[in-house]
Every structure is written in structure tokens, then in C-alpha cells.
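Just so it is clear, none of the values below were taken in a lab; they were calculated from the coordinates. The structure presented is a predicted model; accordingly, all values stated were derived computationally and were not measured. Counting neighbours? That spans all protein chains shown, and the Cβs are built from the backbone with ideal geometry, glycine included.
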Protein chains: 4
Amino acid sequence: MQDAIEAAFEAGIKLGALYHQWVGTPISPQTAPTVEQAIERAVALQPCVESVRVRIDTSLMAPNAFGYSELSGSMFDVAITTRVRGTACSAQLKFEDGYPMMRIVSCHEAP
Amino acid sequence: MQDAIEAAFEAGIKLGALYHQWVGTPISPQTAPTVEQAIERAVALQPCVESVRVRIDTSLMAPNAFGYSELSGSMFDVAITTRVRGTACSAQLKFEDGYPMMRIVSCHEAP
Amino acid sequence: MQDAIEAAFEAGIKLGALYHQWVGTPISPQTAPTVEQAIERAVALQPCVESVRVRIDTSLMAPNAFGYSELSGSMFDVAITTRVRGTACSAQLKFEDGYPMMRIVSCHEAP
Amino acid sequence: MQDAIEAAFEAGIKLGALYHQWVGTPISPQTAPTVEQAIERAVALQPCVESVRVRIDTSLMAPNAFGYSELSGSMFDVAITTRVRGTACSAQLKFEDGYPMMRIVSCHEAP
């Protein structure tokens, strides 16, 4: 059970960090894949990360007069799995009811 | 136990977020109290936060040629308590062995 | 004339920096004055800054389900004056036509 | 001359912005090329940018106990050219004497 608590803590750290690191970046549908990859690779460097997948919802972009958008929290669709010893915790960041919601999907012992 | 996992997740989110939101800010011993207060008040707005205390270790500042420093992760000394229903989780961000370490201090049922 | 070019460059650096440092911070009408002050004090530490005034337009805040907003570029109203030797350059960051616009207001020799 | 002042202002905005947007990102020699590309593409979206080249000095990385570094200002080697009407301004961000220095290289009329 302590492992599940720690794994959830680690998942929270990564989601909170990526959100505030990257929000505000100039972005367009053409550059989104590069940013997705840069975020995934940055998160994967951190301790306890088993997997991470980042998608940016380009349909939520609203280009300004200069033709680009700013990456906002609402565009994020992130799934992450952290592991502490034998316990894996899956969590997500997803836009729900007007709010970029972070939640735990599952925490369980994993081989 | 689910509450403890969620409370730990929420504590992780806040620590990860504040770290990456504020690292890089120009800072000096004179401006540190204002930044401490601004961070505390920003964190306290977020869901599940019961208390937060931020101290910036001014002794780690190394002023550049222009007389100021940049806020780095090593300067942070943060204590936070989150609560999900009846469970409170206390965590900290503190410089240990050359690394700004985030750890859970305790998670337990609280009145 | 070289001084005017350098003073404008310095003003641009400060506006670009503060925008991307602070966007995304959780904020409310109650905490806005502390954030305004923290930004002003951080900018004032940097070289060539003669004065800076930051106002956050609380009327543009749209509280989420948890009762707070995120600081967005559109909320900024910033006036800055930089100086390089005998030339002062005044610039601003202001919401115009749906875009947080940065512009030079004036550059001129100043006693 | 007004064009040179505006081009320098725009170059300053881009350098200040990228610095504070990206500092703090977890990074390693293996992930540096992806981050360089993500920054270049983000900057190139913004108005008045004619060209931008970002290099991250991997020799300055000091891996922590978990094997990765944080992107710091000292690692940046950035060259940018902005243009306002007929005037081009080239500027750079480079580590000099312990400080990540931003300077104008040249501003001149360009065909």
C-alpha cells in the first residue's frame, strides 16, 4: 500500500510538472508532433516513469492573428504509468467539463 | 486507502507544478519573501490543499554580474499538506544530496 | 541610435521573459496584487530596467469549478522603461484585438 | 531607424520568451536534439522571425543521481534573425563569463 501511495505521488509530480513547464509554448498543428515527442522524452527521463504518451488536441487550437496558438492545459491528453517497486500507477491529464483534469486511473501490483 | 493514494497524487501535482512554474525567476534575498508569498497563495488556490509553506534558501543564491540570481530547484524548501476526505498527506520538496527531492512525509486519517 | 536599438532589445527581453515565466500561474482577484508585486520585483532586478508596472486584469478571469483562474497573456497590462546610457525606451504588453500585444511606445534621449 | 528598433525589440521578445519557457526541462544528451527542434519550431511560428537556430551544449550537463539534467540558461547557444520591413536584426543568446548573455550582433537594411 505504501508503494501505491508513492507511485501515485510520482505520477502527480510528473503531470503537474509537465503542465506548468509547457503551457504557453507557441504551437500549431504542424509543430504539435515535435512538441509531443519532446514532452514524452523529457518525462521519460524522470524517476519511476514506466511509460508516458502525450497527445495535443489540435482541434482546440484557436490561431491568433499571426497564425499560431499557445499550448493550453485544455489541449493536453496525457497518459502516464509510474512504478514503485511492485506497484504500477496509471494516471491521466484530460480536458473534462472545461477543466484540465488530472486523475488516477488505477494503482495495482504488477509483475 | 484510496483516499491516501489520491491525497498523495494531489500533493505530487502541486509540488511538480510549483517547481516548474517558478524555476528561472530572477530573485534576490530582498525579493524572496514576496516570491515565497506569491507561490504559497497560488498553491493554496488549488483543490485539496490544506496548507503550504514555502521558504527559499537565500544562502544558495549566487548573484551574477548584475547582482541577482535565478530561482533554482535547490533553493526550495516546501512543506505541503493535502487532504482527500478524511485522509491528510504531508509532503516536502527539499534539497538533499545535490537533488531537489520531493517526498511523502506521512499519509494518515485526520479528523 | 545604437543605444535606442539596445534599449528596445532589453525591453523586449523583459516582456518576453515575464510573459512565459508567469503564464499558467493559478490566480484569483485576491491573490493578483501579490503576483503583480512579485513580477514587478523580479523584472526590476534585471539589467537596464528603469521602471516597470504590472497590472493583472481581474475582469478577464474566468474561475474554473475550483474557484480559481490561470494567469493568461490576455490579463497582462505591463508598462516598462529600459535605459541604455542616455536613451530610454518605453514599451508595453497589452491585450488588443484578442492578442497580448507587445509594442514600443517611445525611444528617446533622456537626461 | 525605427525599423531597426522594432526588429531589435522583436528579437529580444523571442530570446526572453524561449529562455523562460524552456529552462527547467529535464534533458539528456540523447533528448537534446528533439528539444532543440521543438524550440526552433516554436520560435519560428512567432511574428517577424526570419531564422532561428538553437543548440544545447551537452558538455555543460551535470546528470543528477537519476541520470538526467535540467536545461539551464548556460546550456543555450541561440542565434536568431528578425525582420521588420527592410531591416534585419541578428541577435544571440550565449554563455559568457558565467552568464547567459543576450546581445545584438547586427541590425541593418537587408534586401
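Binning the alpha carbon pair distances of the protein assembly as shown at 10 angstrom intervals from zero yields the distribution 4, 22, 33, 26, 11, 3, 1, 0, expressed in whole percent. Could you give the angle, 0 to 90 degrees to the nearest 10, between helix B:2-22's Cα long axis and the longest principal axis of the Cα atoms of chain B? Around 10 degrees separate the two axes. In terms of Cα to Cα distance under 22 Å, which lysines are near enough to C:Lys94, apart from those fewer than 8 places away along the same chain? By straight Cα distance, C:Lys94 reaches C:Lys14, D:Lys14. For chain B, the relative contact order works out to 29 percent when only alpha carbon pairs closer than 8 Å and six or more residues apart are counted.
In this structure, the amide hydrogen of D:Thr25, modeled 1.01 Å from its nitrogen in the peptide plane, lies closer than 5 angstrom to those of D:Leu71, counting only residues at least 5 positions away or on a different chain. For region A:65-74, 3J(HN,Hα) computed residue by residue from phi via the Karplus equation (6.51, -1.76, 1.60; θ = phi - 60°) reads 4, 9, x, 10, 10, 10, 4, 10, x, 5 Hz, glycine and proline entered as x.
Relative contact order, whole percent, for region A:49-105 stands at 30, derived from Cα pairs under 8 Å and 6 or more residues apart. In order along region A:98-111, phi translates into HN-Hα couplings of x, 9, x, 8, 9, 9, 7, 8, 6, 9, 7, 5, 9, x Hz, rounded to whole numbers, per the Karplus curve 6.51 cos²θ - 1.76 cosθ + 1.60 with θ = phi - 60° and x for Gly and Pro.
Partner shielding of B:56-64 amounts to 1, given as the average count of beta-carbon atoms from other chains within 10 Å of each residue beta-carbon. How far is helix C:32-44 tilted off the main Cα axis of chain C, in degrees rounded to 10, range 0 to 90? With both axes taken from Cα atoms, the answer is about 20 degrees. Counts of other chain beta carbons within 10 angstrom of each beta carbon in peptide B:41-50 average 5.
Return the tail of the calculated pair distribution for region A:2-109, meaning the percent of Cα-Cα pairs more than 18 Å apart. The share of Cα pairs beyond 18 Å in region A:2-109 comes to 47 percent.
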